[in-house]
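Asks: I have a structure here, written as structure tokens, and I will follow up with some questions on it.
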Amino acid sequence: MRILGELEPSKNGEKLAKRVEKLMPVVDAIDIPEAPMGKPIAHAAVLASYIKAKYGIDTVPHIRVIDVNTVGLLSILGGLKATGVGEAVLLRGDAPVIGSEVRDLSVETAAEIAVEKLGRNPQLGAMVSLRYPLEAITNRLNAPLSFYLLLRPGYSLEKLRQVSQLARSLGKQLYAYVIIASSKNYDKLKNMLADQPVYSVEEATKFVEKIKDLVDGILVSSPGDVDAIGEAARRIKRELGLSLR
């Protein structure tokens, strides 16, 4: 079971360092969203390369295909490869709050081009929701991608078993999104995430225990509260008998 912790990007170097230093002892890799809600903050690929070089921890930056053409995509991936960042997540992304959309690539097309031109370094992942029809999930799992961030993993345990079996038959990895709500960010998350499930630290630990044999890892997220991510990751690792860094 691999534990990823989500890092909120920041243009403030000191704030960024504090967040990284809180996550490092309790997670196996740091996941970095790119322009959440279409708002430019700090480029995930740049942050990933910097954090990997400075701290030595694995990083997983996101790349929004809505923002890049083919040259831009391959340039970003080439930079990640050169700086030792071994994984990246491709996603469509929300509409940009400024500027225009780039319509050159879908997630699947981007993956096909990347594998053709660069091989599987870095390895590429994508999002998939358990609420998608099984046919749509199957189509995405058959794309030339290595791993998937699984949204709404608690939607149906039976469906999760089916998707897990299919992923493993294809040699693909699944990482379940687990969103933690604390007293600090509960109201914000409820308003922002609509019907997506959020968990307390205790609830998250029980949920991960329930699905641990069906996934390869989890991605712990808690927008606005990095301490909640750290607490949840530490608790989950302790309960599952996993070692800290």
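The values are calculated or read from the model by the stated rules, or taken from the named source; none is laboratory data. This structure is a prediction, so every number in the text was calculated from the model and none was measured. So basically every Cβ, Gly included, is an ideal-geometry build from the backbone, and we count neighbours across all protein chains shown. Accessible surface areas use protein heavy atoms only, side chains included; no ligands, DNA or RNA. Shrake-Rupley method; radii C 1.70, N 1.55, O 1.52, S 1.80 Å.
Asks: Could you identify the single residue in I211, I236 that is touching a residue at least 60 places away in the same chain (Cβ under 8 Å) and in contact with a strand residue (DSSP E or B) (Cβ under 7 Å, 6 or more places away or on another chain)? Full working, then the answer.
Replies: Details: I211 fails: touching a residue at least 60 places away in the same chain (Cβ under 8 Å).
Within the list I211, I236, the selection yields I236.
Asks: Could you list, in sequence order, the residues of the stretch 70-103 that are farther than 21 Å from S49 by Cβ, exposed (fewer than 15 other Cβ atoms within 10 Å of the Cβ) and not charged (D, E, K, R)?
Replies: Of everything in the stretch 70-103, those that are farther than 21 Å from S49 by Cβ, exposed (fewer than 15 other Cβ atoms within 10 Å of the Cβ) and not charged (D, E, K, R) turn out to be A95, V97, I98, G99, S100.
Asks: Based on what the data block shows, is Y148 open to solvent by less than 40 Å² (accessible area, probe 1.4 Å), of a type in the set (F, W, Y) and either touching a residue at least 40 places away in the same chain (Cβ under 8 Å) or under 21 Å from I236 (Cα atoms) (or both)?
Replies: Yes, satisfied.
Asks: If we scan the stretch 17-33, do we find a residue that is in contact (Cβ under 8 Å) with a residue 60 or more places away in the chain, open to solvent by less than 60 Å² (accessible area, probe 1.4 Å), in a helix (DSSP H, G or I) and touching a helix residue (DSSP H, G or I) at 6+ places or on another chain (Cβ under 8 Å)?
Replies: Checked against the condition, which is being in contact (Cβ under 8 Å) with a residue 60 or more places away in the chain, open to solvent by less than 60 Å² (accessible area, probe 1.4 Å), in a helix (DSSP H, G or I) and touching a helix residue (DSSP H, G or I) at 6+ places or on another chain (Cβ under 8 Å), the stretch 17-33 yields at least one hit.
Asks: From the list A17, A35, A53, pick out the single residue that is at positive phi and modelled with pLDDT of 95 or more.
Replies: A35
Asks: Here's something else I'd like to know. For residues that are within 25 Å of P9 (Cα to Cα) and of a type in the set (F, W, Y), tally how many sit in the stretch 198-245.
Replies: Number of matching residues: 1.
Asks: Here's another thing I want to ask about it. So, of the residues in the stretch 225-245 that are assigned to a loop (DSSP other than H, G, I, E, B) and open to solvent by 30 Å² or more (accessible area, probe 1.4 Å), which turns out to be farthest from L160 (Cα to Cα)? Show your work before the answer.
Replies: Taking the stretch 225-245 and keeping what is assigned to a loop (DSSP other than H, G, I, E, B), we get 225, 241-245.
Still in the running and open to solvent by 30 Å² or more (accessible area, probe 1.4 Å): 241-245.
Values: G241: 23, L242: 23, S243: 26, L244: 27, R245: 29 Å.
Of everything passing the filter in the stretch 225-245, R245 is farthest from L160 (Cα to Cα).
Asks: Check V163, V178 and return the single one that is farther than 20 Å from L134 by Cα and either touching a helix residue (DSSP H, G or I) at 6+ places or on another chain (Cβ under 8 Å) or charged (D, E, K, R) (or both).
Replies: Just one listed residue meets the conditions, V178.
Asks: Considering only residues of the stretch 151-201 that are open to solvent by less than 60 Å² (accessible area, probe 1.4 Å) and among the polar types (S, T, N, Q), which is modelled with the highest pLDDT?
Replies: For the stretch 151-201, the residue satisfying everything is S164.
Asks: May I pose another question? Which members of the stretch 104-118 meet the condition of being under 24 Å from T83 (Cβ atoms) and either of a type in the set (F, W, Y) or open to solvent by 30 Å² or more (accessible area, probe 1.4 Å) (or both)?
Replies: Pass one, the stretch 104-118, residues under 24 Å from T83 (Cβ atoms): 105, 107, 110-118.
Those that are under 24 Å from T83 (Cβ atoms) and either of a type in the set (F, W, Y) or open to solvent by 30 Å² or more (accessible area, probe 1.4 Å) (or both): E112, I113, V115, E116, K117, L118.
Asks: So which residues in the stretch 39-69 are hydroxyl-bearing (S, T, Y) and free of Cβ contacts under 8 Å to residues at least 24 places away in the same chain?
Replies: Answer for the stretch 39-69, where residues must be hydroxyl-bearing (S, T, Y) and free of Cβ contacts under 8 Å to residues at least 24 places away in the same chain: just Y50.
Asks: Let me ask something additional. Among residues belonging to the stretch 37-52 that are farther than 16 Å from A88 by Cβ and either touching an Asp or Glu at 6+ places or on another chain (Cβ under 6 Å) or not in a loop (DSSP other than H, G, I, E, B) (or both), point out the one that is most open to solvent (accessible area, probe 1.4 Å).
Replies: M37
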